[in-house]
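Below: the structure, in structure tokens.
Bear in mind these aren't lab numbers, they're just calculated from the coordinates by the rules spelled out. On a predicted model such as this, the values are computed, not experimentally measured, just so you know. FYI the Cβ positions are ideal-geometry reconstructions off the backbone, even for glycines, and counts take in every protein chain you see.
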Amino acid sequence: MKLNPLFIAIVAGFFILYMWYLKHSTEVISMRELLSVSIVVAKRGGQEVIAVKKEAELHAKSKGETREGANDPVTDGDMRSNQAMVFTLKKAFSNIRVISEEKENTLLDLSKEQDPDVALEEVVRRIKLDEKVLISDITVWLDPLDATQEYTENLLEYVTTMVCVAVKGKPVIGVIHQPFQQYTAWGWLNHGHSEDLKVASKSALKEDSLRHIIVSRSHAGKVEETAKKAFGNNIEVIPAGGAGFKTLQVIQGKADAYVHATLIKKWDICAGNAILETIGGNMSTLSGSLIDYSAFSNAKNEGGLLATLNYHDFYLKKLENIKV
């Protein structure tokens, strides 16, 4: 019996694919190593963001407008940071699944990339126990430059680079790096957080206390109007840029709640979500639903956003009339 060469080729192709699947579906990686690499990734992206800023021309162009009509620019800083972050991550974990705000069109040549440190001293000192996870359960969300608009306006305190590791859709590792402040915050759920993460102490909830609500400069929507109706005169609305920056303000106690009422992308919020969860805070949609960060979920979070360190249910109730 003579076998058809095409049939043989098809069978061989399926066999190769099956063997590849078996190999990668059972591959496990160290989460502590992945945390170390994530910190390196965020900082390398930050180096590119600073380098581009020092150059004479940002080459800013627009990706279009948001639903509110605000310009959504992309710069060389975004693209170079993205390349540095993706390449560094893939150098350490070549088979890991990555979702980034910017799309990398260049074929990855990792031969010249420096190996990232998989055992940073700050991680080894703070994190004593490791955890091994199937690589097929992991999705890494990257934001190579959060607050691009502010970056082009020289409002550099708002700028961050962010890395988030989700396991089966749940955010468990988050890194927020402020390149122009040379400050990095990180957290790993149920394991610990960066030593210099300034976490505000919990104070008693008083109905007549002044509330500090932080909102986006460019995506405020009707948050300010609704918040003032909910809290009356006992409210200060703080406009700020960058989801990473606003989440840090909540963590540090400079804002009681971060509220967003329009569409926001998951790479903007995943890292902050993971860090908040690590320190006992909360991030959810405005209806109180948890956000799914699995690889095949919609990258757009259209349910609004509420991030708090304390009293999450209280703010959900107060802000339930915000339209999203």
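General remarks:
- Volume of the Cα convex hull of the range 168-218, divided per residue and given in Å³: 194 Å³
- Extending 7 Å from Cα along the Cβ direction at Glu302 and again at Ile238 yields two label points whose distance is 3.1 nm.
- Highest mean packing comes first when the peptides 247-256, 233-242 are listed by Cβ atoms within 10 Å, giving 247-256, 233-242.
- Equivalent ellipsoid dimensions for the range 234-280 as semi-axes, Å, which come from the Cα gyration tensor, largest first: 17, 15, 9
- Here the range 154-184 is scanned for amide nitrogen atoms under 18 Å from the site 7 Å beyond the Cα of Ile279 along Cα-to-Cβ, giving 158-165, 171-179, 181-184.
- Cross-link table Lys266/Lys317; Lys128/Lys246; Lys103/Lys300; Lys168/Lys254, entries beyond 27 Å C-alpha to C-alpha: Lys128/Lys246; Lys168/Lys254
- Here the gap between Gln182 and Lys323, fully extended at 0.36 nm per residue and compared with their Cα-Cα distance, gives a gain of 47.1 nm.
- Applying D = kT/(6 pi eta Rh) to the range 78-235, where Rh is the Kirkwood radius over alpha-carbon pairs, T corresponds to 4 °C and eta to 1.567 mPa s, the Stokes-Einstein value obtained is 70 µm²/s.
- Projected area, mean over directions - the range 173-324, Cα convex hull, nm²: 8.8 nm²
- For the range 194-276: rounded, prolate or oblate by the Cα gyration tensor [a/c cutoff 1.5]: oblate
- Under 5 Å from the amide H of Glu236 lie the amide H atoms of Arg211, His212, Ile213, each residue being 5 or more positions distant or on a separate chain, with H modelled from the backbone and absent for Pro and chain starts.
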